[in-house]
1. Measuring label to label, 7 Å along Cα→Cβ, what does B:Thr74 give against each other copy in nm, shortest first?
2. Could you state the angle between the C-alpha long axis of helix A:5-16 and the longest principal axis of the C-alpha atoms of chain A, as a value from 0 to 90 degrees rounded to the nearest 10?
3. Taking the range A:104-155, how much of its Cα-Cα pair set, in percent, is spaced more than 15 angstrom apart?
4. Can you work out the base-10 log of I(q)/I(0) for chain A at q = 0.13, 0.18, 0.19 1/Å, using the Debye formula on its C-alpha atoms alone?
5. Quick one: if you stick a label point 7 Å off each Cα along the C-beta vector at A:Leu115 and B:Ile175, how many nm between them?
6. Give a residue-ordered list of calculated ³J(HN,Hα) values for the range A:22-34 (Karplus: 6.51 cos²θ - 1.76 cosθ + 1.60, θ = phi - 60°; whole Hz; x for Gly, Pro).
7. Counting each DSSP H run of 4 or more residues in chain A as -39500 (n - 2.57), what helix-only mean residue ellipticity at 222 nm follows after dividing by all residues, to the nearest 500 deg cm²/dmol?
8. With both bridge residues required to lie in the range B:77-170, what share of the DSSP beta bridges run antiparallel, to the nearest 5%?
Number of protein chains: 2
Amino acid sequence: MTNIPTIDLLIRHLQRVPYLASKNIYKVASYFLYRSHADIDQLCSVLKQVKEKMHPCSTCYTWCEQGTACMYCTDIKRDKTILCVVEQWYDLLTIERTGGYNGQYHVLTGLICPLEGIGPEELTIYPLIARVNQENIKEVILTMPQTPEGEATVAYITKKLKSSGVLVTCLARGIPVGSQLEFVDRLTVYKALTERRPI
Amino acid sequence: MTNIPTIDLLIRHLQRVPYLASKNIYKVASYFLYRSHADIDQLCSVLKQVKEKMHPCSTCYTWCEQGTACMYCTDIKRDKTILCVVEQWYDLLTIERTGGYNGQYHVLTGLICPLEGIGPEELTIYPLIARVNQENIKEVILTMPQTPEGEATVAYITKKLKSSGVLVTCLARGIPVGSQLEFVDRLTVYKALTERRPI
């Protein structure tokens, strides 16, 4: 800390921001100290706009700005029979960027993690089950990571969807495109081998 | 980009913040999306306070909150005959944290870099020369890094101070405390060897 109350306050706020290394906090504080008044006003106005305008879509829980439904749910060109379940809204952007998916989405807003007190009711799993049962959905794609929390969430959703008779799939595991075999970890090579497919 | 204007605006602002890796920008945006209104208001108020209250000390150019002189310049217990020149205000904090220095400071606010159009007049070098000539200073410690810009700044200041007869020193170069010889780079070992001292 600097013994200058206002700078210390700023540093405490910056320390809470994720993915900002503590060794760089003073340099980031310096960035704000040297900004113009206008720049700071603009940033504050954007932050406030974000809080005022953004709200989760009432169907898929991604962020939307206008109305209660997002641009993916209201797009009539998208396939209504296929649903891609993502952990966070930025995972949705990653899927969109591939250009290879034209179905619906559902944002979980997290993963089941009993150690942190996050159960299915803290996430949007119950609305997901309700959607699958009510809408004419034929396939649910689960894109959660292969971590203990991700696997637990996949297992829970799969169990809950069993009675609905919908096809539940997950992303293919294998060698990343352009990667060489020697640089890929053992488990991935094993998965790629056991899930090999005819050319 | 997300195609959601308000989030895109926030992301453009975050992209300008230094030391924030672009792969983490969406996660940081997510952090702000999930903050409460009160949290965002507090952060904005702190950012605005920083711009309103903070100004450079009229003598040493470090940031100060009250009056025109900083706490280092007004502290009567500090040695007025020794002056430590640092590149940025956070370098001053690093020196202070050692507890081994009790003199005055001078913040350059940057380094000479002709390629980026930063000459001595963009920095606080002329006020530094004036200080040394007017005040009763016996030693000037230069703490700039050993980079082309750092060396150029050291050379310029040393030349300008020559006529004043003040002792100009730099930080000792050598093996970091606790480090093993095999992990230290060649140039540092060379410096440590040529500048060896009796025990």
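Where a number appears in this text, it was derived from the coordinates with a stated rule and is not lab data. All of these numbers come straight from a predicted model, not from anything done at the bench. Note that each Cβ is placed from the backbone with ideal geometry, even for glycine, and that neighbours are counted across all protein chains shown.
1. 5.6
2. In chain A, helix A:5-16 runs at an angle near 10 degrees to the longest axis.
3. Cα-Cα pairs of the range A:104-155 separated by over 15 Å account for 47 percent.
4. Values, matching the q order: -0.93, -1.25, -1.30.
5. The modelled label-to-label distance comes out at 4.0 nm.
6. 4, 5, 9, 4, 5, 5, 5, 4, 4, 4, 6, 5, 8
7. Details: 8 runs with 86 residues, N = 199.
About -13000 deg cm²/dmol.
8. Numbers: 1 of 13 bridges.
Just about 10 percent of them are antiparallel.
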